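Remarks on the structure that follows.
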């Protein structure tokens, strides 16, 4: 190819690319200006190779980034170290970054399992002795089912209240999640609202889980207790799932009686704390923040607010069962949201 033809081809290619694509690449211009007739074939090959490289760079980098001068290795290393210092602990391509939360006193919020707006002061004035008297076959079936299930656990744990609580809370957090999940699916299938009951039941499940996270700070279950928890939770989840599908009002009544027994269990826990059988240690930090307790609170204070929570769950589930026993659906009565 003659020298004139080479220059014409190069000029046409430059016009097509324009200054935007080639303004940042000096090598491309140099290859054109230094072209000669003797190395025309290698020059054209290099020309197209550079062209492809430019297009690929523009598909991933902005023009401003391409305009930046090339730094030496020492400057690159220095720049990388500065970027690492400025980089957050957790970075995300999606731009999601955790907010820096603080408590009312200005100190940093230390929990990821719950946020400051999840905290509340428990209503300990609730009647912890209230009992729903069985009035029909369904109520009696639910009551005696719970009574039958409670005796093996009482015989196993006896006065080891913390270990008993760990088992109780891993089971108590199941009904709210199962009920909320099934109501959620029902709402999707029927294209209807739930009256707030999905959120109410999920709130219950989350509250029970926080009970567990609190008592984990007091004692850790032994290996055989973990095995028991694993087995009991697995059986209870599936049994409650099937029960709720068959009869939601029976499922809620069973939970109501389970919560009554939980209230009784925490009452016995408090008696042993008060008479010195169990040491009244300082309250875990997670409990102080979750229930907005005073910094000098003790385990007795924690058990008191947890018992109040269980009493509220008792009332909520008996109320849910009563609604359905009257021939109504849960969505027809507003759910007591925030009723811990």
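Scoring 112-118, 306-312 by mean Cβ neighbours within 10 Å over their residues and listing the highest first yields 306-312, 112-118.
Taking R0 as 45 Å, what's the FRET efficiency between residue 107 and residue 245 from their Cβ-Cβ distance, rounded to 0.05? Walk me through the numbers on the way to the answer.
Values: r = 47 Å, r/R0 = 1.04.
The value I calculate is 0.45.
Quote the FRET efficiency, to the nearest 0.05, computed for residue 339 versus residue 94 with a Förster distance R0 of 30 Å and r equal to the Cβ-Cβ distance. It comes out at approximately 0.25.
Across all directions, the average projected area of the convex hull around the alpha carbons of the stretch 137-332 is 11.4 nm². Once you sort the root eigenvalues of the Cα gyration tensor of the stretch 132-249 as a ≥ b ≥ c, which label holds: rounded (a/c under 1.5), prolate (a/b larger than b/c) or oblate (the other case)? It is oblate, given that a/c is not under 1.5 and a/b is not larger than b/c.
Write down the Å³ per residue value for the convex hull defined by the alpha carbon atoms of the stretch 184-268.
Values: hull volume 10.5 nm³, N = 85.
Given the Cα convex hull of the stretch 184-268, per-residue volume reads 124 Å³.
Taken together, the values in this text are just the output of simple stated rules run on the coordinates, not laboratory data. Note that the structure is a prediction, hence the values are computed from the model and not measured. Please note: Cβ atoms are built from the backbone with ideal geometry, for glycine as well, and neighbour counts cover all protein chains shown.
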